[in-house]
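Colleague: Mind looking over this structure? Questions follow.
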Ligand SMILES: [Zn+2]
């Protein structure tokens, strides 16, 4: 019987040694230490032996069980430490899993690029709420009392404030310019800052117009701002954003908050100046109204117009993005159509 146990021990140790994966080790454990193991069979067949022999064989069997158990623990540790994270062999021909990452909307990307361009010229980035008031959207900016832009056809007035006036009559901001006076009242002059954001107009949408769109306005206020320095600034910004020289032209324009005012056009990059539906078939696209800040606006901002002067530019963010990618319909950018948006990743 002792010989039999010795053989079981030798055979068992060899089996443990041959094991190469964890699941196999579980099988071997059942086989060597389970109820149906050979050692159990030996112990069950001891009924004819003397008490001393029973004791001796019993102790020997327990020793062998312990040896098996220790050996298997050792084997288990060895297998775990050499285990690979891959199950089975690698098939290099299986197509990879696509990693889905987010990306910036092209308008957001353009805003960031403009921020970088202006920050490099020493500007501050300022922001204010989307809800404004008649005072900031119109009164401060030298809009006449009966100016058509104040009417409900152009401006979204907030329900419940229609019969009020000035700072109590609330609206979704129809342009960003109101923020310029707010900034100047808070910070004073001299100042150079940009204030990007979404603006709202109650108008019919077409390829160039949307009810809500992004603007990007910049203002410099200082004691001696010449018209030519404003022009150089515009060219520098466009060059930084498009990475090359862009043809621009200036036309006279009228805005209540400027004196004089300008329309700044850039050559249409969708058609290369030949004419298309984006540029209304004339090769140029109006991207930046601007001009010298009106003395009444300076007054509303608490500044002396004899001492201070300033230069506005208001960049049509959507239009610049249309130019950058040659997209001919502004509505696509707000369409939430992923087939369109995903092209800009
Ligand atoms: Zn064009």
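Colleague: Suppose we filter the range 261-274 for residues that are within 16 Å of the ligand (Cβ to nearest atom) and either more than 32 Å from the chain's Cα centre (by Cα) or surrounded by fewer than 16 Cβ atoms within 10 Å (Cβ to Cβ) (or both); how many remain?
Modeller: Selection size over the range 261-274: 3.
Colleague: Something else about it: Just need a number here: residues in the range 275-301 that are assigned to a loop (DSSP other than H, G, I, E, B) and either within 15 Å of residue 254 (Cα to Cα) or near the ligand (Cβ under 7 Å from one of its atoms) (or both).
Modeller: Within the range 275-301, residues that are assigned to a loop (DSSP other than H, G, I, E, B) and either within 15 Å of residue 254 (Cα to Cα) or near the ligand (Cβ under 7 Å from one of its atoms) (or both) number 6.
Colleague: Something else now. From the set of residues in the range 136-150 that are surrounded by fewer than 19 Cβ atoms within 10 Å (Cβ to Cβ) and without any contact (Cβ under 8 Å) to a residue 60 or more places away in the chain, which is nearest to the chain's Cα centre (by Cα)?
Modeller: In this case the residue turns out to be 149.
Colleague: Also, quick follow-up: Which one of 146, 202, 140 is assigned by TED's automatic domain parsing to the domain that holds residue 285, within 26 Å of residue 234 (Cα to Cα) and not in a strand (DSSP E or B)?
Modeller: 140
Colleague: For the range 58-91, how many residues meet the condition of being on the phi > 0 side of the Ramachandran plot and at pLDDT 85 or above?
Modeller: Here the count works out to 0.
Colleague: Which one is nearest to the chain's Cα centre (by Cα) among residues in the range 293-310 that are in contact (Cβ under 8 Å) with a residue 40 or more places away in the chain and surrounded by fewer than 19 Cβ atoms within 10 Å (Cβ to Cβ)?
Modeller: 302
Colleague: Going by the conditions given, is residue 244 more than 20 Å from residue 111 (Cα to Cα) and free of Cβ contacts under 8 Å to residues at least 60 places away in the same chain?
Modeller: no
Colleague: Does the range 239-260 hold any residues that are within 16 Å of the ligand (Cβ to nearest atom) and touching a strand residue (DSSP E or B) at 6+ places or on another chain (Cβ under 8 Å), and which are they?
Modeller: Scanning the range 239-260 gives 246, 247, 248, 249.
Colleague: Moving on. Would you confirm whether or not the range 218-226 contains a residue that is without any contact (Cβ under 8 Å) to a residue 12 or more places away in the chain and more than 16 Å from the ligand (Cβ to nearest atom)?
Modeller: Yes, the range 218-226 contains a residue that is without any contact (Cβ under 8 Å) to a residue 12 or more places away in the chain and more than 16 Å from the ligand (Cβ to nearest atom).
Colleague: Examine the range 309-320 for a residue that is more than 30 Å from residue 191 (Cβ to Cβ) and within 16 Å of the ligand (Cβ to nearest atom), and state whether such a residue exists.
Modeller: So far as the range 309-320 goes, no, none of its residues is more than 30 Å from residue 191 (Cβ to Cβ) and within 16 Å of the ligand (Cβ to nearest atom).
Colleague: For the range 277-292, enumerate the residues that are surrounded by 16 or more Cβ atoms within 10 Å (Cβ to Cβ) and over 33 Å from the mean Cα position of the chain (by Cα).
Modeller: Correct list: 283, 291, 292.
Colleague: If you don't mind, another one. Only one of (1) closer than 30 Å to residue 343 by Cβ; (2) exposed (fewer than 10 other Cβ atoms within 10 Å of the Cβ); (3) touching a residue at least 12 places away in the same chain (Cβ under 8 Å) fails for residue 80. Which number is that?
Modeller: If we test residue 80 against (1) closer than 30 Å to residue 343 by Cβ; (2) exposed (fewer than 10 other Cβ atoms within 10 Å of the Cβ); (3) touching a residue at least 12 places away in the same chain (Cβ under 8 Å), just (1) comes out false.
Colleague: Test of understanding: among 255, 242, which residue is farther than 23 Å from residue 134 by Cβ and modelled with pLDDT under 90?
Modeller: 242
Colleague: While we're looking at this one, here's another question. For residue 233, are the conditions met, namely being away from the ligand (no atom under 16 Å from the Cβ), buried (at least 20 other Cβ atoms within 10 Å of the Cβ) and not in a helix (DSSP H, G or I)?
Modeller: Taking the combined requirement at face value, the residue does not satisfy it.
Colleague: Residues of the range 302-318 being touching a strand residue (DSSP E or B) at 6+ places or on another chain (Cβ under 9 Å) and either under 20 Å from residue 261 (Cα atoms) or part of a loop (DSSP other than H, G, I, E, B) (or both), which ones?
Modeller: 303, 305, 308, 309, 310, 311, 312, 313, 314, 315, 316, 317 - these are the residues of the range 302-318 that are touching a strand residue (DSSP E or B) at 6+ places or on another chain (Cβ under 9 Å) and either under 20 Å from residue 261 (Cα atoms) or part of a loop (DSSP other than H, G, I, E, B) (or both).
Colleague: List every residue pair whose Cβ atoms sit under 8 Å apart, with the two residues 6 or more apart in sequence or on different chains, where the first one lies in the range 267-279 and is in contact (Cβ under 8 Å) with a residue 60 or more places away in the chain and the second, anywhere, is part of a loop (DSSP other than H, G, I, E, B) and within 6 Å of the ligand (Cβ to nearest atom).
Modeller: 278/268; 278/270; 278/271
The values are calculated or read from the model by the stated rules, or taken from the named source; none is laboratory data. Given the structure is predicted, the values throughout are model-derived calculations rather than measurements. Glycine gets a Cβ as well: all are built from the backbone with ideal geometry, and neighbour counts include every protein chain shown.
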